[in-house]
Amino acid sequence: MPVLIKIAAKNLAQHKTKSLIIGVIIAVGVAIFVIGSSLINTASLGIERAFIDNFTGHVMISGLSADNVSLFGVQTPGGMVETPLVERFPEVLDWVNANNWTDSATSQLTGFAIIKSEDQTAPDKQYFSLLFGVDYDSYQQTFHNMSLVEGEGLASGQTGILLERNNLEDINEKLGTELGIGDEVLLTGVGAGSFNIRRVPIRGIYIYQSYSETSSFISYVDPQTLRSLKGLTLNTGMVTVSAEIQSLLDTTDIDSLFGEDSLFADDSLFAEPAGAASISGAASRPGAAAAVETAVAAPALEPAIAPELELDAGAWEYILIRLKTPLAAGSFIRAANRWFAEQGIPARAADWKAAAGPFSTTSDVVRLVLTVAILMVAIVAIIIIMNTLVISVIERTGEVGTMRALGAERGFIRRMFTMEILVIATVFGLIGLAGGVLILSIVRLIGFEAVNPFLEILFAGKVLKPVINPFSLLVTQLAIMLFSVLANGYPLSLALKIQPIRAIQND
Amino acid sequence: MNFILDTSGDVHKIYQLGKVEVPAVKGVSFSIEKGDFISIAGPSGSGKTTILNMIGLIDQASSGEVLIDGRPTRELKDRDLTRLRHETLGFIFQSFNLIPVLNVWENIEFPLLLGRTRITKEEKADWINHLIEEVGLADHRKHKPNELSGGQRQRVAIARALVTKPQIVLADEPTANLDSATGEQIIELMKRINRELETTFIFSTHDAKIVNIADHIIRLRDGLIIENVRRGEPVGAASALAGSSAGA
């Protein structure tokens, strides 16, 4: 073997130009591969870390749906399917909290709302926001990304909204307001087939420790507000509508129905009921528009129907769990789903990827695009290397023929050419690795900023901090050696066909 | 009599050039004894190189058989032919065919790296150094082929051909690319080694002066043997000694 290495090294030195062409292709290819892999890993790890640490935890438990359920709702093309509730919520939560792997858990509702203000100078403007209805204390114990910079959190039973600082600046700019702590905003949501409007004070302003454009769209509200916006009441059947209400429903005077006096005359409708957490099981979504319309106008109408509109304080769409050991996620999910099946609970445990929904899909798409790009570069490189090696073999026909005439078996020729390509792949592969790592280190030092949401996903944050994984470098080096040997396949087959007589014919 | 190289039946070689068949050797038969110093002579196109290729096992006869040390070679597989070449034959090429990336010492060593012969490092070094001195290149051990003259390169080729201690050395027009003085020196060198090591040398040439140095001359014309003579012996006796000579 040392002789082969010696001959290989000498041959490479002798054919400097070709060795350099192949070597540079390999080095550049490896550098691109290293940088590409790093970007993929950075994006994947960044998205994973951001979602697990900030929004999803390691495991998400949700109700069952025919379509995939993520933290942002049911993933359907139209987006019109309501998110199922976690049934028998207290039992499920007890099971989660009793599990040895559980570090902390919190529950959540997700909805969308239009934010407006009564003081806005641009009356036709509105701001769209993603709302997370959370139990603030357990949420803070589970996720640590949110830091209050002004005001306070959401105390138990207290209504209000927490706005991200940049988000609030955008709202003020758009609506022409100067909203701050204590000011009220109007939230308009759609639930149970109707619009629901709620007025809530701004309780706190926060920042994300790791900010991203995506997370800035999120605002936090108390769960009861979101339930009311989503029309989550304990009403299980048809509402008996009196003649007076029926006449109102039949009216064509919209202002009389949706005037502010009617809408916000009585906040008691939305107050958190005592012992709410113990309510469970009976939750259902009233499908009839009448119920929700009544919710808006109820205080001004017949008091007899009010109890049927009581909000379901036990209605939660998600339980988000942080585990003591992230690696236990798979086992936890299997155990949870097994338990749900045994107990007949229509719920499902899933990992962060399922919880992240469209965002993890974006990550996968980015990964796929980068992988395809790298593969295309690899294929082009292999073709160029192959052609260069073919030329080299043709030029060395006489030499190979001489070796064969002198008694070299085909195995020797195979080993000689393989050794040559391995020497090139090893030397230039290492140069490419070093170059890739150097470029990544420089990029890390410079700290490129993401200028659009796509780059933010790619960078896994505002600033690109590429991850350099030693294992990935090792795999890259081995892969380039394998690719080089594969690229050498056809030229080698030509070399093995060279007969000893070519030693004479090339004289 | 034991022949180190023999032919069974008349050996023919026909090249197929598209649809045209070109006969290069039209039926030759001869035998070679151990220690012979043989010249295959004839003009260009007479079949000298083709015959050398066939007896060197790097080309196959269209009909007839080449026997090396009594062993038929026609049915041998590539691997066996390669081993037989390595163990029995040495080659000296017209264009030297040295491996350009290796120096003199390494070029001579190269055939030893291909075989399975057990030889110690010291024995190998001693033998290679001996051959280098024998061919007069003691001061050029580390030189690359492109740093040597044509005659020096051919001396390296001779040493390389001898390094495996083959029974037969085949040389295809070894002096063709050399000036006449150097060519004569090379042939003299081969002759000396032939006497000292009793290695059989078979070389082709069309140079009349060099032909006459040989002990045994096989003359070809148009793919046929026209003369097969051993120096100092009558033509008839030489022909009988060397077997039938088609066309002679």
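Derivation of every value follows stated rules applied to the coordinates shown; laboratory data play no part. Keep in mind that what you see is a predicted model, and the values were worked out from it rather than measured. All Cβ positions, glycine included, derive from the backbone under ideal geometry; neighbour counts span all protein chains shown.
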List the relative contact order of chain B as a percent without decimals, with contacts defined as Cα pairs under 8 Å and 6+ residues apart. 29 percent
Equivalent-ellipsoid semi-axes of chain B, from the Cα gyration tensor, Å, largest first: 29, 20, 18
Specify the inter-centroid distance of segment A:48-95 and segment A:336-392, based on alpha-carbon positions, in whole Å. 22 Å
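Counting other Cβ atoms within 10 Å, which trypsin sites (Lys or Arg not before Pro) in segment A:1-94 have at most 11 and lie in a DSSP loop?
Details: sites: A:LYS6, A:LYS10, A:LYS16, A:LYS18, A:ARG49, A:ARG88; in loops: A:ARG88.
Here no trypsin sites (Lys or Arg not before Pro) fit, given the DSSP loop and packing criteria.
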Which of the trypsin sites (Lys or Arg not before Pro) found in segment B:36-91 are loop residues per DSSP with 16 or fewer other Cβ atoms within 10 Å of their Cβ? B:ARG74, B:LYS77
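Within segment B:87-170, report the GluC sites (Glu not before Pro) that DSSP leaves as loop and that have at most 16 other Cβ atoms within 10 Å.
Of the GluC sites (Glu not before Pro), not one in the loops of segment B:87-170 has a Cβ with at most 16 other Cβ atoms within 10 Å.
What's the average, rounded to a whole number, of partner chain beta-carbon atoms within 10 Å of each residue's beta-carbon in A:498-504?
Values: counts 0, 3, 10, 7, 1, 8, 13.
Whole-number average of other-chain Cβ neighbours for A:498-504 is 6.
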When the Cα centres of segment A:424-494 and segment B:1-68 are compared, how far apart do they sit, in Å? 59 Å
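Ignore the peptide's own chain and count Cβ atoms of other chains within 10 Å of each Cβ in B:50-58; give me the average, rounded.
Working: counts 2, 0, 1, 6, 0, 0, 5, 2, 9.
Across B:50-58, the average partner-chain Cβ count within 10 Å equals 3.
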J(HN,Hα) series, segment A:169-178, from Karplus relation 6.51 cos²θ - 1.76 cosθ + 1.60, nearest Hz, glycine and proline x: 4, 5, 4, 4, 5, 6, 8, x, 10, 10
Would you give the gap between the C-alpha center of segment A:116-192 and the C-alpha center of segment B:131-196, rounded to a whole Å? 95 Å
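Could you give the DSSP H helices of chain B that reach 24 angstrom or more along their long axis (alpha carbon positions) and whose average Kyte-Doolittle hydropathy is no lower than -0.5?
Numbers: long enough: B:180-197 (25 Å, -0.42).
Those that pass (Cα extent of 24 Å or more, hydropathy at least -0.5) are B:180-197.
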With θ set to phi - 60°, apply the Karplus curve 6.51 cos²θ - 1.76 cosθ + 1.60 along segment A:325-338 and write out the HN-Hα couplings as whole Hz, x wherever there is a Gly or Pro. 10, x, 5, 7, 4, x, 5, 4, 4, 5, 5, 5, 5, 5
Spin-label model distance (nm) - B:ASN129 vs B:LYS19, 7 Å beyond Cα toward Cβ: 6.4 nm
Could you pull out every residue, at least 5 positions away or on a different chain, whose amide H is within less than 5 Å of the one on A:VAL190? Hs are placed 1.01 Å off N in the peptide plane, and Pro or chain starts have none. A:PHE112, A:ASN196
Could you give the dipole magnitude of segment B:119-215 about its Cα centre, charging the beta-carbon of Lys and Arg +1 and that of Asp and Glu -1, in debye to the nearest 20? 300 debye
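Take the residue pairs A:LYS116/A:LYS353; A:LYS6/B:LYS165; A:LYS230/A:LYS353; A:LYS497/B:LYS142; B:LYS34/B:LYS142; A:LYS16/B:LYS121 and return only those whose Cα atoms are more than 29 Å apart.
Details: A:LYS116/A:LYS353 33 Å; A:LYS6/B:LYS165 25 Å; A:LYS230/A:LYS353 25 Å; A:LYS497/B:LYS142 32 Å; B:LYS34/B:LYS142 34 Å; A:LYS16/B:LYS121 32 Å.
Exceeds cut-off: A:LYS116/A:LYS353; A:LYS497/B:LYS142; B:LYS34/B:LYS142; A:LYS16/B:LYS121.
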Would you mind checking which residues have amide H under 5 Å from A:ASP222's amide H? H placed 1.01 Å from N; only 5 or more apart, or other chain. A:GLY160
